[in-house]
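Reading through the structure tokens given below for one structure.
The values are calculated or read from the model by the stated rules, or taken from the named source; none is laboratory data. Being a predicted model, the structure only gives us computed values, none of them experimental. Neighbour counts are summed over all protein chains in view; Cβ atoms, including those assigned to glycine, are modelled from backbone coordinates with ideal geometry. Accessible surface is based on the protein model in full, side chains and every heavy atom, while ligands, DNA and RNA are left aside. Shrake-Rupley method; radii C 1.70, N 1.55, O 1.52, S 1.80 Å.
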Amino acid sequence: MNYEQRRNHMVDHQIINRGVLDPAVVAAMKKIEREKFVPADLSDLAYRDGALPIGCNQTISQPYMVAMMTEALQLEGGETVLEIGTGSGYAAAILAEIAGLVITIECVKELADRAQKLLNKLGYDNVTVITGDGTKGCEKFAPYDAIVVTAGGPHVPQSLCDQLKIGGRLVIPIGPEETFQTLVRVTRRTKDEFHRENLCGVRFVPLIGEEGWHRRRYKSGSKPGLITAR
Ligand code: SAM
């Protein structure tokens with residue numbers, strides 16, 4: 001099968017078969033060439049049902065996870081969306097097919113630069129990649145219709161709640177462990193009222209930052225790791 005056939009097969013079997021039916025999400029997943037967002041030596045695995053390494057100890061998420069989280073944002077088209085965790089830029093491209101403007105924040109500069117370059121090359125002039133700690137959001141473009149966090153944190157960052165529009169949705173993996181979380185959707189009903197729903201169990205790399213997990217300080221002879229949240 002060529003890439004287009006593999007992509008259509010992936011969408012039918014991994015996305016639609018598992019219940020992601022939003023036509024805009026399905027169309028975006030059928031359009032975006034995931035093989036362009038993975039390292040060249042892994043492009044043959046681009047439509048496998050899983051995450052793949054992208055360097056810098058990070059991953060491009062499983063296609064189903066991208067589709068399911070995008071659907072959970074309940075986008076209708078034209079929105080301003082904030083993504084935390086640009087990674088390869090793949091999910092940002094999916095969002096950009098539906099939303100009007102996508103701001104995406106990545107804390108690893110090498111990944112942010114690479115993603116911005118690729119997204120520019122592919123013609124996504126409605127995506128802005130920012131290097132920094134996404135747990136604080138990005139005031140400059142706030143408020144947002146939707147916010148999606150593609151790394152797992154210990155709690156819902158207050159800064160992200162503050163930057164949601166009334167009626168806006170925030171989708172984020174939250175959990176006490178560093179590798180297993182509950183995918184949570186927070187909907188801002190009024191200025192002070194936030195409705196929280198637990199969607200499903202997920203596994204994500206850790207959200208590292210001021211309102212996320214904190215890196216353990218290096219000690220000689222020890223490996224870097226993570227400690228509890230604030
Ligand atoms: N959405 C990405 C894609 O489509 O390729 C996959 C994201 S990967 C699972 C999670 C990313 O979150 C990593 O690239 C990691 O560096 C980033 N990350 C972790 N903590 C972050 C933070 N506080 N701010 C911004 N990015 C963060």
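Using 20 Å as the cut-off for backbone N distance, which residues of region 79-110 belong to the label zone defined by a point 7 Å from the Cα of Asp125 along Cα→Cβ? Residues 79-81, 92-104 fall inside that zone. Out of residues 5 or more away from Ile147 or on other chains, whose amide H comes under 5 Å of its own, with H placed 1.01 Å from N in the peptide plane? Hits under the 5 Å cutoff: Leu82, Arg169, Leu170, Val171. A helix-only calculation puts the chain at -6500 deg cm²/dmol for mean residue ellipticity at 222 nm, using -39500 (n - 2.57) for each DSSP H run of at least four residues, averaged over all residues. Summary value for the chain: 13 percent relative contact order, contacts being C-alpha pairs under 8 angstrom separated by 6+ residues.
Solvent exposure of the chain, expressed per residue, is 48 Å² of accessible area, with all protein chains present and a 1.4 angstrom probe. Expressed to the nearest 5 percent, the antiparallel share of DSSP beta bridges inside region 1-146 is 20 percent.
Classify region 105-201: rounded, prolate or oblate, from the alpha-carbon gyration tensor (a ≥ b ≥ c, eigenvalue square roots; a/c under 1.5 rounded; otherwise prolate if a/b is larger than b/c)? The shape class here is oblate.
Remark: C-alpha extents of the chain on the principal axes read 50, 48, 31 Å, sorted largest to smallest. The heavy atoms of Thr150 offer some 20 square angstrom of accessible surface to a 1.4 angstrom probe. Each residue was assigned an accessible area with a 1.4 Å probe, and for His13 the value is about 100 Å².
Spin-label point model (7 Å from Cα, Cβ direction): what's the Lys31 to Asn198 distance in nm? For the pair Lys31/Asn198, the computed spacing is 3.6 nm. Charging the Cβ of each Asp and Glu at -1 and of each Lys and Arg at +1, and nothing else, the dipole of the chain about its Cα centre rounds to 560 debye.
Solvent-accessible area assigned to carbon and sulfur over region 37-177 amounts to 50 percent, based on a 1.4 Å probe.
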